[in-house]
Each structure stands twice: as structure tokens, then as C-alpha cells.
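Visitor: Supplied in C-alpha cells, the structure appears directly below.
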Amino acid sequence: MSMGRNWKAVIMVGMVSDFSGKTYLDYAASTPVAEEVMAAMLPFFTNRFGNPSSTHSFGQSAEAGIERARATVAELLNCTPQEVIFTSGGTESNNLAIRGTALARREKTGADHILISPVEHPAAATTAQQLADMFGFELELLPVDETGRVSPQAVQERLRPSTALVSIIYGNNEIGTINPIQQIARVCREAEIPLHTDAVQAAAHLSIDVAELGVSLLSIGAHKFYGPKGVGALFISKGTPILPTQTGGSHESGLRAGTSNTPLIVGLAKALETTRASLPKVNPALISLRDQLIQSILQTVPDSLLTGHARERLPNHASFAFRHVDGNELSMLLDAHGFACSSGSACKSGSPEPSRTLLAMGLTHEWALGSIRVSLGRATEPADVDRFVQTLPLLVEAARRLGATA
Ligand SMILES: *Cc1c(COP(=O)(O)O)cnc(C)c1O
């Protein structure tokens, strides 16, 4: 295959990670920090350590790092620097967007209806649920099709004059499905209702041009694109009502109090910049590997299906359900054989719970309990995928035998 050589040349650049013989296939959970990102952050832990709010030269030096990072992120998102707020991660960005906008809109207009999809990340779903349970909002869940997609028409039909906010995930962390955010945003703009999108997975692979997408709010988190954990950003388009959810000093235009984490913010900007620059080469390589993996698994494993959309899916993302398999058991077997992937079901006090996302898509319990996610990244090589697709069928069989005798 001619792809092998290009792949290595393109992808291994900037990686310092050594997986010591193990195969990491869980990039949707987290990514290693790239070498150039580490290098960009280091001076801000030491020489440029000042409090960015201080007016002396130490503070100004740190402040300059943050404002440069903000300008970089704004350019990559195609917005103004004033529209970018740094946070502690994807979770906080989702919290600030949803809680902050819902509360501000109700204060201004009385709007108290929140519309979200049933396949949101818990950071969005739980925030909306709390607004319903504790703060008197009415929460409505949109329907999704069997691939986990929301249709613009479904949004249009459910928008009300009293809708405070719509929040819909862009690239799904669990099933990889990409939502038609641009079309949904058009519907929301016509009704003058703010749309937030959780782009935490999407930022590593899809367009995040907020002008093109037309969204009011967009969340990202650095550790999903080769940046550090504990830092994220939120795009808030000018004029969108929003209340700070963390109060204190006037940091981040008064929307996110607390001394800014200079090194991590600088790292986020560097990671976003290098990740976005790599996409024209990385995405086609990932799509090719992803599709080989999907095709092979569906052919060799009996009673298997792809969860999520076959084509409208994140380039690095494959997810499956296997009937009569415990997904947690399977991911443990995979780990014992040197493969790190994740299972879709949460293990609550010993008894597995199928994921809300898979149930919302219409999967039955017997399928939904046997889900796994395999996500590829910069260091994934064709040989990794080859070894994975050779091993998985045997382990599914082993997991089925274990289940049958349990
Ligand atoms: C990881 C993730 C989050 C949470 O981001 P953190 O930075 O880990 O807090 C939110 N949404 C999606 C889709 C994610 O994949």
C-alpha cells in the first residue's frame, strides 16, 4: 500500500508519546499532548509566570501570551477575539453556554423552553436537565433517526417564541455521527433563537468556521486535539445574551472569573493551530483506515453492526454493537491484549447500563449493552488497525462464551 509511507511522514511529526508496545485506539477519550504544544507552554510555567491581570511587566508578558492565543483561536474559528472566552475545558464551555444563555434569555424575554438532542454529551445533557429540575425550565428532547442525527425540520417544528436556547452536538463522541449544524443554525437564526453546538469532538476534524456554521455558541476542549487537559474555549457571537456562571473578578470580559491559566491557554491555541493545519493530510488518511476497520469488523464478526452514520461520521471514529456481548467485558479483554478502546455502557455498581444515546437511536438492550468505540489518531498506523481487526473477532467470541456461562 502506498498510503503507509505518507501516513508515517505526516502523522508522526510532533509526537513524543511512547505507548510501550500497546495500541491506543481511544483518541475520542483523550489525545497525547504534541511536542510543539509542550514547547509552547513551557515558558509560561517558568519565566512568564506572572499573573496576567497584573500591570507590571511580568503580568504583561503573561497577558501578551493569552491575547496572542485568543487572536489565534479567533482566526481559526473565523470570529473576533472578543468573541472567544477561555474556560477549564469542554465541560465548562458547555455549562457556561447552556446555563449562561438560558438564564440570560429568561431574564430578558421570559423564554423558558430548552431544546436539545437526546444524544448530547453528559456535560450538555446534565446541565439542561438541572435547569429543568431546579430552575423551572421546560426541557424538550428532539427526535433522532437510527443514525443518531437530528433533522433541521424537527428543530423547526419544535421552536417556540418561548425557546430560550437550542443545543445540539456537532460530532458525536459515542457514535461519531455528524449533525447538519449549518442547516439547523439557519432554522434557529430565522426564529432568532440562539443555537449552541458542542464541537469538542468536531474541532479535531471538521470545519469550525463559526461564520459558515452560523451558530451563536460553540464549545471546544484542548485535550481532544493534542492539547492539555483542563482548558477549553467557548465562542459567543456578539450580542448573544449570556450570564457568567462563575463569578468573581472581571477576567474573560466578566464571563469567567478566576486567574487565567496562561500555559494551558497558550497550549490550546498551539494545539488548535497545528491540528487544523494537519487536517488536509490527516483526515483522508484517517478516513481510509477507519473504513478498512469498519468493513473488516462487520465482515468477520457475526451479529455485529455499525452504530451511527456510515458516511456522515467523524473521520477517526468507528463504533460497533455486538449482540450478546458485554461491552465492558470486551473492552477489558481488549486491554489485556494491548488495545485501548472504550465501551459505550456505563458500569453502575456491577450491573451494566446501556447508553442513552444508543437507546434513543432505537437499539434494544441486548444490542446496546455490547457497544465499543474505536477511535484513531495521529500515531495510528495501518499495522495497528491490521492487528486490531485480526484480534477483535476472537475476543468477541470469547466474550460471548463468558456471557453464556455467567
Ligand atoms: C470530551 C467531551 C466533552 C467534555 O470535555 P472536557 O474537556 O473533557 O471537559 C464534552 N463534549 C464532548 C462531545 C466530548 O467529547
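Visitor: Please specify each residue of segment 289-328 satisfying the condition of being open to solvent by 40 Å² or more (accessible area, probe 1.4 Å), assigned to a helix (DSSP H, G or I) and charged (D, E, K, R).
Guide: Listed by number, the list holds a single entry, D291.
Visitor: Something else about it: Please tell me if G65 is touching a residue at least 60 places away in the same chain (Cβ under 8 Å), out of contact with any Pro (no Cβ under 6 Å at 6 or more places or on another chain), more than 14 Å from the ligand (Cβ to nearest atom) and under 29 Å from S355 (Cα atoms).
Guide: Values: touching a residue at least 60 places away in the same chain (Cβ under 8 Å): yes; out of contact with any Pro (no Cβ under 6 Å at 6 or more places or on another chain): yes; more than 14 Å from the ligand (Cβ to nearest atom): yes; under 29 Å from S355 (Cα atoms): no.
So G65 does not fit the description; no.
Visitor: So which residues in segment 380-406 are in a helix (DSSP H, G or I), in contact with a Leu (Cβ under 8 Å, 6 or more places away or on another chain) and over 15 Å from R323 (Cα atoms), if there are any at all?
Guide: P382, D384, V385, F388, V389, T391
Visitor: List, please: which pairs have Cβ atoms under 6 Å, are six or more places apart or on different chains, and start with a residue in segment 298-312 that is over 20 Å from A398 (Cβ atoms) and end with one that is part of a loop (DSSP other than H, G, I, E, B)?
Guide: Pairs found: T307/I175; G308/T147; G308/G148; G308/I175; G308/G176; H309/T147.
Visitor: Would you mind stating whether T262 is within 26 Å of A62 (Cα to Cα), among the β-branched types (V, I, T) and surrounded by fewer than 20 Cβ atoms within 10 Å (Cβ to Cβ)? Spell out how you get there, then give the answer.
Guide: Working: within 26 Å of A62 (Cα to Cα): yes; among the β-branched types (V, I, T): yes; surrounded by fewer than 20 Cβ atoms within 10 Å (Cβ to Cβ): no.
No: the conditions fail for T262.
Visitor: If you don't mind, another one. Just to be sure I understand, how many residues within segment 97-141 are assigned to a helix (DSSP H, G or I), within 12 Å of the ligand (Cβ to nearest atom) and closer than 18 Å to Y170 by Cβ?
Guide: Adding up the residues that qualify gives 7.
Visitor: Only one residue in T275, T245 is within 16 Å of the ligand (Cβ to nearest atom) and either open to solvent by less than 10 Å² (accessible area, probe 1.4 Å) or acidic (D, E) (or both), so which one is that?
Guide: After applying the criteria, what remains is T275.
Visitor: Pick from V150, V155, V144, V210: which is more than 26 Å from T364 (Cα to Cα) and hydrophobic (A, V, I, L, M, F, W, C)?
Guide: V210
Visitor: Name the single residue, out of those in segment 41-62 being part of a helix (DSSP H, G or I) and more than 28 Å from the chain's Cα centre (by Cα), that is surrounded by the fewest Cβ atoms within 10 Å (Cβ to Cβ).
Guide: Start the filter on segment 41-62 by keeping residues that are part of a helix (DSSP H, G or I), which leaves 41-44, 57-62.
In the following step, the residues that additionally are more than 28 Å from the chain's Cα centre (by Cα) were identified as 43, 57-62.
Values: P43: 16, S57: 9, F58: 15, G59: 16, Q60: 14, S61: 18, A62: 26.
Applying the filter and picking the extreme gives S57.
Visitor: Shifting gears a bit: For segment 186-228, give me the residue count where each residue is surrounded by fewer than 18 Cβ atoms within 10 Å (Cβ to Cβ) and either within 10 Å of the ligand (Cβ to nearest atom) or in contact (Cβ under 8 Å) with a residue 40 or more places away in the chain (or both).
Guide: Adding up the residues that qualify gives 3.
Visitor: Could you list, in sequence order, all residues of segment 229-241 that are under 25 Å from N172 (Cβ atoms), out of contact with any Cys (no Cβ under 8 Å at 6 or more places or on another chain) and either more than 10 Å from the ligand (Cβ to nearest atom) or without any contact (Cβ under 8 Å) to a residue 12 or more places away in the chain (or both)?
Guide: Passing the criteria: A233, L234, I236, T240.
Visitor: Please specify each residue of segment 155-185 satisfying the condition of being open to solvent by 10 Å² or more (accessible area, probe 1.4 Å) and either of a type in the set (A, V, I, L, M) or within 16 Å of the ligand (Cβ to nearest atom) (or both). Show your work before the answer.
Guide: Applying the first criterion (open to solvent by 10 Å² or more (accessible area, probe 1.4 Å)) to segment 155-185 yields 156-162, 170, 173-174, 178, 180, 182-183.
Listed by number, the residues that qualify are L159, Y170, N173, E174, I178.
The values are calculated or read from the model by the stated rules, or taken from the named source; none is laboratory data. Keep in mind it's a predicted model, so treat the numbers as computed, not measured. Positions of Cβ are backbone-derived with ideal geometry, glycine not excepted, and every protein chain shown enters the neighbour counts. SASA here: full protein model, heavy atoms, side chains in, ligands and nucleic acids out. Shrake-Rupley method; radii C 1.70, N 1.55, O 1.52, S 1.80 Å.
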